[in-house]
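The values are calculated or read from the model by the stated rules, or taken from the named source; none is laboratory data. Not measured: the values here are computed from a predicted model. Don't worry about glycine lacking a Cβ; one is built from the backbone with ideal geometry, like all the others, and counts go over all protein chains shown. Heavy atoms of the whole protein, side chains included, go into the accessibility calculation; ligands, DNA and RNA do not. Shrake-Rupley method; radii C 1.70, N 1.55, O 1.52, S 1.80 Å.
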Amino acid sequence: MMPRVASLLLMGLFISCVSGADPPIESEPNAVGATRPIVGVIRWDAWYGRGAPVTAVEKTLGPRKYHWRLPFFGRIQSPDSVSIDGDAPQVIEQEIAYAASAGLNYWAFVDYWDQGNLGIALRRYREAQDKRGLRFCLIEEGGRIDQIGTSGWPRLTACFQSPDYQRVLGDRPLLFVFGRPKVIGRREFASLAEQTQAAGLGRPYFVLMGWNPRTDADEARGLGFDAVSAYAAGVGYRWEQWSYAQLTEHVRTAYWDVCRQRRIPCITFATTGWDPRPRIEHPAPWMPIDARPDPTPAARQHPLIDAATATPAQLARHVREAINWTRANVDLNPTQAVIIYAWNENDEGGWLIPTLGPDASPDTSRLDALRSVLRQ
């Protein structure tokens, strides 16, 4: 994640939900009226085009120990150099095929308002002729919304009207806001709701992505929002990281259990991991942290895969638990929606996108494991 929220990521991140006896998962994922919750995944698209921020992520994943994290369309140039550019229609079309085949229902794009390379993937997705039933919704950063103001409401309303936009509870467009805005408040969001309803849709389902469900719930109520959720979870930007098992236990206790105990409306959060060590070695320009480069020559490095790295089986089990918690807590999550961190936060430690395998073919093992849950 970048600029305005970068400093927040130094905090201990977290969110969402689990119960004791898990009911079985049912139904086909994209079927109308499916009984299993809809499952979406966050996109942060620094991997498309040339120049910033692609140059920065090429540097973070440049050392040989991190080459195994490259998106499937990345290329290894040398033991300490890679190139990444997914700006081609066939790339997003392949990503759509991967996501739909795994049973995902929607992508939640961090919205950069068509500014620079970070907006390329959303544009390519919207231009794709065959989306295979994969929908989209938007994640608005509070700081960016403060800058754009209510002049941006017509654009958001137009997005909501897209037949591909993810709606919940019938015709309510799903909208995440990451970080509480400081300028835009309850009145302004009520105006967005009015414009959306005037366009023939239901009131947007507003979800605040924060860091602590106890305080987030109060802020969400103050904004007139419907629920809380989160973008990511972890121990921040430090070298020593939790194991994936510890991370998912934190999600269960710090969000799922808290939401249930305190009766906090939520969109269920799940995580594919948190391990920003590539950024710690080579901080991106927007990261206010000190570099900690590895003195080991790149040619002698080995893939850095340890307990912080989710195995496909662990990941599938965690998502299954998130789905089962959601079904068991429909009173707290009436949308029956799950949001996963992340599709392509590869250098920050959470991804589902196929990566570049040792033989240069896509490694789809994470999506293969997820398919066993979502298409059961």
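Some observations on this one:
- The residues of segment 288-372 expose on average 40 square angstrom of accessible surface per residue, using a 1.4 Å probe on protein heavy atoms.
- Cβ crowding within 10 Å averaged over residues, with 134-144, 236-246 ranked highest first: 134-144, 236-246
- Label-to-label distance, nm, for residues given as ARG187 and ARG238 (7 Å Cα→Cβ offset): 4.3
- Mean separation of Cα contacts under 8 Å, 6 or more apart, over the residue count of the chain: relative contact order %: 28
- Extension gain (nm, one decimal) between ALA88 and LEU169, 0.36 nm per residue minus Cα-Cα: 25.7 nm
- The residue among LEU247, GLY119, TYR98 whose Cα reaches farthest toward the positive pole of the charge dipole of the chain, with charges on the beta-carbon of Lys, Arg, Asp and Glu, is LEU247.
- Extending 7 Å from the Cα toward the beta-carbon at both HIS302 and ARG123 defines two label points whose distance is 4.4 nm.
- The residues of segment 117-204 present an accessible area of 43 Å² per residue when probed at 1.4 Å with all protein chains retained.
- Protection proxy ranking of 264-270, 223-229, 348-354, 193-199, by the mean of other Cβ atoms within 10 Å over each peptide's residues and highest first, is 264-270, 348-354, 223-229, 193-199.
- Local electrostatic count at TRP351 - Lys and Arg +1, Asp and Glu -1, tallied over other residues with Cβ under 13 Å: -4
- Fraction of beta bridges assigned by DSSP in the chain that are antiparallel (%, nearest 5): 25
- Among beta bridges from DSSP that stay inside segment 56-193, the antiparallel ones total about 35%.
- Ordering TYR66, THR326, TRP107 by Cα displacement along the dipole of the chain toward the positive end leaves THR326 in first place; charges were set at the Cβ atoms of Lys, Arg (+1) and Asp, Glu (-1).
- Relative contact order for segment 270-310, counting Cα pairs under 8 Å that sit 6 or more residues apart, in percent: 44
- Relative contact order of segment 35-89, defined on C-alpha pairs under 8 angstrom at six or more residues apart (%): 34
- Applying 1/(1 + (r/R0)^6) with r as the Cβ-Cβ distance of ILE76 and ARG155 and R0 = 35 angstrom yields a FRET efficiency of 0.35.
- With the largest listed first and rounded to whole Å, the semi-axes of the equivalent ellipsoid of segment 119-166 from the Cα gyration tensor are 23, 12, 9.
- Separation in nanometres of the label points that stand 7 Å from Cα toward Cβ, at THR55 and GLN197: 4.8
- Förster radius 45 Å - calculated FRET efficiency between ARG132 and THR215, Cβ distance, rounded to 0.05: 0.70
- Portion, in percent, of the accessible area of segment 142-293 that falls on carbon or sulfur, probe 1.4 Å: 47
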